[in-house]
Amino acid sequence: MSDLKRSRRLSRPLDDLPGLFDFVDISRDDIAGNIITRQIERKTISDGEIPDLDQSKIKPRHAMRFMSFGSGSSGNCAYIGTSRSGILIDAGIEGKFVTDQLLHNGIDASAIKGIILTHDHSDHVKYAYSLLRYNRHMNLYCTPKTLNGLLRRHSISRRIKDYHTPIYKEFPFEIDDLTITPFEVSHDGTDNVGFSIEAAGLRLVVVTDTGYITERADYYMRMADALMIEANYDAEMLRHGPYPEHLKARIASETGHLDNADTAAYLARIASPKLKDVMLCHLSHDNNCPEIAIDTVKNAIQSTGIKVADQSSEDGLHLSALPRFATSRMFIFHNPEYDQPNNAD
C-alpha cells in the first residue's frame, strides 16, 4: 500500500502549485489557500498585531569596514574591507598582532586578499614579507618602482617578488568588492601613492605621508565619503622641539609631512555634507598630540558652518585621530541609498 501511495500522481500538475516564495491568493477555495489562511489566522490570534521593524536595529548588508592597527613613524597598517573580504594598507605592524586583532573583530586572515603599499619607508613595509610568507594567499600590490625601492632600501627577501602584482598611478584595479585607484602624493619615499578605495557605494580616500596636497590628491579627496588624512605635526612643537635642524627641515618640506594647520585649512575648503568621516593619521609622538590635532581641524571645519559631531550627538562630520601605538575601533561606513533590494548580492 505504501508503495502505491508513493507512486500516485498528483491530482494537478506541479506547475499549478505555489512555490515557496510565490504570492498566494488566499481567497482561493483550494488546499493550499485554506492551509495558508488557517496559519495566518492562528498567528494573528496568538501574537496579535505584527509590529513594524525598527530599521535602526538592522545592520546594513552593504558597508565598508575600516580599522587601524597603528599609525605613525613607529609603524603603519590598516584594514579596509566589506562583508566578503578586505585588504591591508601598508605593513609596518607585526603580522601576528594584525591577524589577532582582525580575528578579535570577527575577520579571519583568509579573508584578507593582499597588502597595498603607499611607499617604501620602513614604518610602512617592515613586516610585508613575513605577512605574505605566513599568509600565502595574499598578494602584494605596489608600483614596480616602489617594489624596487623596497628591495634596495631594506634587507627584505627578494622572494617577496613572487607575491607582487604591479599597479600603476591613475589605473584602477579591483580586489573582490574593492575598486582601488592609486594617485600621486609628495613624499621622499620611492614612487609614493595615495589610494581612492570604492565599495558599497562609498569612497574612502587615503592620503598619508605627503608634504602638500597634490592636484590628484585634491581631485579624489573632494569625492570622498570618508577620509584618512595625515596631520603629522604642530608647527610650534616642531620648531621648539628636540629634533636636529636638518630633520625639522625635512619634515616641514614639500616632500615631508602635513602639519595640523595645513590639514585643517584644506579640510575647511573641501568639507561638505557628503564627507561624513575624517580620520587623522600619522600623528607625531614628539611634535603633536591628538587633542591639538583634533581641535585645530575641528575649529577650521566649524568655521565654515559644517557641524562636527560630538559625544552628545551623532549628527555632523565625525572626526577622530587614529591611535599611534594601538588598534582603533572598527569603523563602519554605510550608504543607506546603496543598501536597497536592487543592490543585493
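Only the coordinates and a few stated rules stand behind these numbers; no lab work does. Keep in mind the model is a prediction, meaning the values are calculated, not measured. We place every Cβ from the backbone using ideal geometry, glycine too, and count neighbours over all the protein chains shown.
Annotations for the structure displayed:
- Label-point gap, in nm, between SER157 and TYR219 - each point 7 angstrom along Cα→Cβ: 3.9 nm
- Whole-number percent relative contact order across the range 281-332, with pairs defined as alpha carbons under 8 Å at least 6 apart: 34 percent
- Its alpha carbons considered, the range 218-345 gives a radius of gyration followed by a Dmax of 16.5, 59 Å.
- Per-peptide average of other Cβ atoms within 10 Å, ordering 300-306, 148-154, 204-210 highest first: 204-210, 148-154, 300-306
- Out-of-range pairs (alpha-carbon distance over 20 Å; input LYS274/LYS307; LYS274/LYS298; LYS276/LYS307; LYS113/LYS276; LYS113/LYS161; LYS96/LYS126): LYS113/LYS276
- Computed E for ILE332/GLU291 - FRET, C-beta separation, R0 22 angstrom, nearest 0.05: 0.30
- Largest-first principal axis extents of the Cα set of the range 54-190 (Å): 56, 32, 27
- Mean Cα-pair separation over length for the range 148-291, i.e. relative contact order, pairs under 8 Å, 6 or more apart, %: 21 percent
- Sequence-separation-based contact order of the range 54-134, relative, with Cα cut under 8 Å and 6+ spacing, percent: 27 percent
- Averaging 1/r over each pair of different alpha-carbon atoms in the range 97-152 and inverting the result gives 12.1 Å, the Kirkwood hydrodynamic radius.
- Kirkwood-type hydrodynamic radius, the range 164-232: 12.3 Å, calculated from all non-identical alpha-carbon pairs.
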